Amino acid sequence: MAYQVLARKYRPLRFADVAGQDHVTRTLINALEQQRIAHGYIFSGHRGIGKTTIARILASALNCRNAIGSAERPTAEPCLKCDSCIEIRQGNAVDVIEIDAATNRGIDEIRELRDAARYRPARDRYKIYILDEAHQITDAAFNALLKTLEEPPDHIVFMMATTEPENIPQTIRSRCQHFSFHAVRHDDILAELRGIAQQEDVAADDAALALLAEAGDGSMRDALSIMDQAIASAPMVDGKAQLVATQIRDLMGSVPNTVFEEMLEAVSANQSAVVIQTAARLLDAGNSPTQISRQFVRYLRNCVVAKIANLTEENNQSDLLQISQDERRRAARSSQLFTEEELTRFLQVMLRTFDDLGFRQEPRFHLELGLLKLVHLQRLLPVEDLLSQLPAPTGTSSRPATAPPVRPATPPPARPSGGQPGSSTSATSAAPAKPAFSPFEADRSRKTEMSSRLTLNNVIPIDQTAGNLALAPEPVLPAAAPVPEVAAPIMVAESVVETTPAIPFTAPEPVVPSIAVFAEPIAEPVMAPPPAPVMAPPAPPIEVAVPAPAPVATAVATPSPAAGQAAGGYDIAALQNAIVNELSASKGHSSAADQMDESTFTIEGNELRVQTTLSAGMLKLLINAEAEKIIKTSLRLQGAADLKLVLLPGSAANAAAKKDRPAAAGSVKAAAMEHPIVQQAQKLFNAEIRTVIDLREK
């Protein structure tokens, strides 16, 4: 008889022989004993874990000629002695049809199957169809099978084995009993391999069998295939094949995990040279960078799980790690060198490195770069340690945080083998104190302090280099010309004043240039108010900062008063304000009013040219015929009926560079411009108001 591979020779023939699928075999045995036979089964799961094998065992149990409870068949297991059981085991049973759905996946094949299913079995009790790789069947073929599967004859049983059950239509799955198979545990595979080695008269140590079981990766068939190959390449001693771990690693092209343990010890000791030398030794031995990174990822995963499960070298029992005892102890030793966060970062870096190796032209360089990143990650400080060094907010009581220890650039002393990383008896290795305050407390205090200082009598300097309002100690300014007092309490309206090129000015003493924040009750709000308004008592004369004689940085220049006057005697600003007011007063044209307010008006000859910021399509949509009629009516009322209105679409440059215009009458900006304090600031600084924020209660 021709040689049979181990995966076929030791294929289970009874439910009790199947390893790792007790939840499936127990259910099927109970269904056979109770005669609760379904007409459709779906067996799904990992490759090589017994889906087709259990389908064959179930077919033998259904068509076994001996009744359950008889002397030949005391249980629901097949007897394996009758003609039906023998034919099914040999694969030549007439009424048990196995179909490879990967090649017979079309609608024509399924139609033939459906037509043949109408006829009763030739000899046995059931006609059974086993569809292997059932997810390969097309949707049209599944639809052709749907009616037969929903209302099958009493003598038909369908069994579908698949590794991708999600690709089977839901209409098919809902009409079948679905059994999800589990990956076979490492210990179960190891027990099976040990028994097969004894039957095959092969001398194999536990390390070699554990390596074969781990290489199976939850698949019994894969483990048996690798074992068959290892026996064929093993040396013969006294007529027996000798399986050793070294020979199996050479056969599979894998790297011993002791190398990765040494590599992590070098990473822990901050020794980049040792890490690179170890990687070079592996690469020079013929190992591919992809294989090295794949195994290192698996080893780091085992270390992370060992750290989470709190495994030690002595106490290393955990169901989370399906590896041998020696590998568990090795993973536990490596996990004690780092924290859980560090191991997680290591795993993330190596996963990214493994992905990069698939499409990089120099895989060796990228592998070495990924390994060096592991060493560099040891020198990083956690964000919590950096936040703990920040000073506590002003006015809050908090104990000072201890400065975190900085990782040394030189190799640190060896870590203790039984303790956690970083444990030492020296005072300098104490764990850094946790932040004594929230990192958001400083920002909250800054806002509270700003709102309490925004009064008419305060001048808040601005850090113009940073571009943000920055609170700083109030400078001592010399007394300037008094400004009329404001008798009534007023709300705060914040405005940013930008300085223009300084005019030569002689001051008594050089002072710090600053920006003032002014306030006045304004009719229309432009922003939502803060939680509580800040009230100010009647203010004494304001101390206004005077610029120093030295030139000040150039900001936005203020247009001359005559900039709004065009040829022909028309006041362009008045025309624009009138148009904006007319559109605002008309119902449904508020958007057009806003656009006119943002547009640039110029007069060329007898044309009033309006440069908008809208595209041509949006301009026609927003400034429709009715809005254009309102604009022309407003021009006629202003005595400019002879001007021809020309609307120009905008561009990105026009939208970015809006021309400064006088504030519209009745707007918040116009109200702020009328305040005497604002006028005094404009006179002193030759400046303009860009933004006015209304902080009053509505």
For Ile196: the one exception among (1) over 36 Å from the mean Cα position of the chain (by Cα); (2) within 30 Å of Ile137 (Cβ to Cβ); (3) buried (at least 19 other Cβ atoms within 10 Å of the Cβ) = (2)
For Asn167, the lone unmet condition from (1) surrounded by 16 or more Cβ atoms within 10 Å (Cβ to Cβ); (2) farther than 27 Å from Ala67 by Cα is (1)
Within region 187-246, how many residues are charged (D, E, K, R) and farther than 18 Å from Ile49 by Cα?
-> 6
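Here is a yes/no grid of residues against (1) more than 30 Å from the chain's Cα centre (by Cα); (2) surrounded by fewer than 22 Cβ atoms within 10 Å (Cβ to Cβ); (3) without any contact (Cβ under 8 Å) to a residue 24 or more places away in the chain; (4) in a loop (DSSP other than H, G, I, E, B):
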position	(1), (2), (3), (4)
Val255	yes, yes, no, yes
Val259	yes, yes, yes, no
Glu262	yes, yes, yes, no
Arg298	no, yes, yes, no
If we keep just the residues of region 10-30 that are in a helix (DSSP H, G or I) and in contact with a helix residue (DSSP H, G or I) (Cβ under 9 Å, 6 or more places away or on another chain), which is surrounded by the fewest Cβ atoms within 10 Å (Cβ to Cβ)?
-> Arg26
Which listed residue is crowded, with 17+ Cβ neighbours inside 10 Å, not assigned by TED's automatic domain parsing to the domain that holds Arg301 and not in a loop (DSSP other than H, G, I, E, B), from Ala241, Ala266 | Ala241
Here are Ala191, Ala210: which of them is outside the structural domain of Leu320 (by TED's automatic domain parsing), in a helix (DSSP H, G or I), hydrophobic (A, V, I, L, M, F, W, C) and buried (at least 19 other Cβ atoms within 10 Å of the Cβ)?
-> Ala210
Do we have Ile248 as buried (at least 17 other Cβ atoms within 10 Å of the Cβ), more than 31 Å from the chain's Cα centre (by Cα) and either modelled with pLDDT under 95 or part of a helix (DSSP H, G or I) (or both) here?
-> yes
Among the candidates Arg105, Arg123, residue that is outside any helix (DSSP H, G or I), in the same structural domain as Arg11 (by TED's automatic domain parsing), surrounded by fewer than 19 Cβ atoms within 10 Å (Cβ to Cβ) and without any contact (Cβ under 8 Å) to a residue 60 or more places away in the chain = Arg123
Can you tell me which residues in region 310-341 are crowded, with 19+ Cβ neighbours inside 10 Å and either out of contact with any helix residue (DSSP H, G or I) (no Cβ under 9 Å at 6 or more places or on another chain) or of a type outside the set (Gly, Ala, Ser) (or both)?
-> Leu311, Asn316, Leu321, Gln322, Ile323, Glu327, Arg328, Arg330, Arg333, Gln336, Leu337, Phe338
What pairs come up if the first residue lies in region 189-207 and is more than 18 Å from Gly218 (Cβ to Cβ), the second is modelled with pLDDT of 90 or more and in a helix (DSSP H, G or I), and their beta carbons are under 6 Å apart, counting only those six or more places apart or on different chains?
-> Val202/Ile231; Ala204/Ala197
The number of residues in region 342-362 that are surrounded by 17 or more Cβ atoms within 10 Å (Cβ to Cβ) and either within 13 Å of Thr290 (Cβ to Cβ) or not assigned by TED's automatic domain parsing to the domain that holds Cys303 (or both) is 4
Which residues, counting only those in region 51-96, are closer than 21 Å to Arg26 by Cα, among the small types (Gly, Ala, Ser) and in a loop (DSSP other than H, G, I, E, B)?
-> Ala67, Gly69, Ser70, Ala76
Which one of Gln90, Gln177, Gln136 is exposed (fewer than 13 other Cβ atoms within 10 Å of the Cβ) and either of a type outside the set (Asp, Glu) or out of contact with any strand residue (DSSP E or B) (no Cβ under 9 Å at 6 or more places or on another chain) (or both)?
-> Gln90
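The values are calculated or read from the model by the stated rules, or taken from the named source; none is laboratory data. These figures come from a predicted structure and were not determined experimentally. When we count neighbours, we look across all protein chains shown, and the Cβ atoms used for this are built from the backbone with ideal geometry, even at glycine.
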